[in-house]
1. How many residues does the stretch 165-199 contain that are assigned to a strand (DSSP E or B) and in contact (Cβ under 8 Å) with a residue 60 or more places away in the chain?
2. If a residue counts only when it is of a type outside the set (Lys, Arg), in contact (Cβ under 8 Å) with a residue 12 or more places away in the chain and within 16 Å of the ligand (Cβ to nearest atom), which helices (runs of 4 or more DSSP H) contained entirely in the stretch 48-164 have at least 1 such residues?
3. Among the residues of the stretch 207-214, is any away from the ligand (no atom under 11 Å from the Cβ), charged (D, E, K, R), out of contact with any helix residue (DSSP H, G or I) (no Cβ under 8 Å at 6 or more places or on another chain) and closer than 16 Å to Leu172 by Cα?
4. What's the total number of residues in the stretch 255-281 that are of a type in the set (Ser, Thr, Tyr), over 21 Å from the mean Cα position of the chain (by Cα) and within 15 Å of the ligand (Cβ to nearest atom)?
5. Any chance you could count how many residues in the stretch 187-206 are out of contact with any Ser or Thr (no Cβ under 8 Å at 6 or more places or on another chain), within 9 Å of the ligand (Cβ to nearest atom) and among the small types (Gly, Ala, Ser)?
6. For the subset of the stretch 175-186 comprising residues that are closer than 20 Å to Met228 by Cβ and charged (D, E, K, R), which member is nearest to the ligand (Cβ to nearest atom)?
7. Taking Phe299 as the residue in question, decide whether it is more than 26 Å from Glu214 (Cβ to Cβ), more than 16 Å from the ligand (Cβ to nearest atom) and touching a residue at least 24 places away in the same chain (Cβ under 8 Å).
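The values are calculated or read from the model by the stated rules, or taken from the named source; none is laboratory data. None of the values given here were measured: they were computed from a predicted structure. So basically every Cβ, Gly included, is an ideal-geometry build from the backbone, and we count neighbours across all protein chains shown.
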Amino acid sequence: MGGSVLTLVDVALAPEAAFEALLDEMGLALGDSGMEFDSSAARRITDQGVVVGEVREWKPGEMVSFVWHPKTWAKVDSELVISFVPHEGGTRVSVEQKGWGKVIGDEGGELLGWFTGEVVAPMLWASAPTRLGDWVTDRGARRPSGRRSRDVYRNPLYHWPNFYVILDVLALRPDDHLLEVGCGGGAFLHEALKSGCRASAVDHSPDMVRLASEANEDSVSAGRLRVMLADATSIPYPSGSCTCAVMTGVIGFLPDPLRVFGEVYRVLAPGGRFVVYTGAKTLKGTPAAPEPMASRIRFYEDDELVALAQLAGFSVAKVEHPSLYEGAKRAGVPEPDLPLFKGTSGSQLLVATKSPGQ
Ligand SMILES: C[S@@+](CC[C@H](N)C(=O)[O-])C[C@H]1O[C@@H](n2cnc3c(N)ncnc32)[C@H](O)[C@@H]1O
């Protein structure tokens, strides 16, 4: 009895595309748990720097197998095989840990205990509403990743109206140094950099940092832009290094917005301006903020936004409700969706300034 563990999923992608996508996703997902998938020549998987998987066979579009070293404290190996088999017009992707029974041992139901606790229960948890709602929110907006999000954030059409409004207020000049917190795929940065300014950005999604850097490759290589993977509560740029800052579509996801405002305040030079765009409570449950995201977003009253800015130290702070309609037309939002941008009650634009004397 080998005690193999097998999981599988049927997807609509062709085998070659499924192969490529799985390995890309695997690299990102393993990174979240401190593991690393080195897909370059060595093709190894490490856990906290220790090699746990070494490629045995690598056949793009068909399969990849690893010799797996699950224990540093005992010499026992298994084999991990990921296969891609054409199935009903798409691909059946299976992941099998062969010889897993040898690793766990099967006395007294240990193998079943491992399988239930480490595979079955996490699968039930992942497919129940709480975790699934979190996953959908993260995947699409709170920490975007995956091909679909990359396509959206490469050119987020429905965010351009906000971008135009923010750019109007910031009125960037070549001697500005802009900080963007939660830059997503870097579309706003790309437009902002046309002013001749420099920019520094952060995002906590590795996929978005990669995309924003690629989308602004020229500015990055010219030394006009740096994009770093970081949480907004700990911005890796020097105090007083930026003349202005922007955060759009981000504040609703922040567990500790005051700490983030404090960080932005620190990075801004005296006289620096800070613009925050967010959707107002009226958007909750509409196509702009549908479930399950809506109940995971924090919406603010105008005076709460002003209070946050003041508590963080900004001397001037006010909230405006700009119209996004003209911007939506200019961006090319399809006609049937234009009514979504009518009226001004859905938009909140906080404009704050750090006192020139600070
Ligand atoms: C809805 S997207 C908006 C992206 C971009 N600003 C735009 O308008 O297209 C929110 C972005 O904020 C980032 N973000 C959310 N919370 C963050 C945090 N605590 N630290 C850094 N980035 C964060 C997400 O990864 C995501 O890229």
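1. Qualifying residue count, the stretch 165-199: 5.
2. The helices (runs of 4 or more DSSP H) meeting that bar are 129-137, 147-154.
3. No: the stretch 207-214 contains no residue that is away from the ligand (no atom under 11 Å from the Cβ), charged (D, E, K, R), out of contact with any helix residue (DSSP H, G or I) (no Cβ under 8 Å at 6 or more places or on another chain) and closer than 16 Å to Leu172 by Cα.
4. Number satisfying all stated conditions: 0.
5. Number of matching residues: 1.
6. Glu180
7. The answer is no for Phe299.
For every residue, the table says whether it meets (1) aromatic (Phe, Trp, Tyr); (2) assigned to a helix (DSSP H, G or I); (3) more than 29 Å from Arg139 (Cβ to Cβ).
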| residue | (1), (2), (3) |
| --- | --- |
| Gly271 | no, no, yes |
| Thr278 | no, no, no |
| Ser295 | no, yes, no |
| Gln310 | no, yes, yes |
| Ala317 | no, no, yes |
| Val333 | no, no, no |
| Pro339 | no, yes, no |
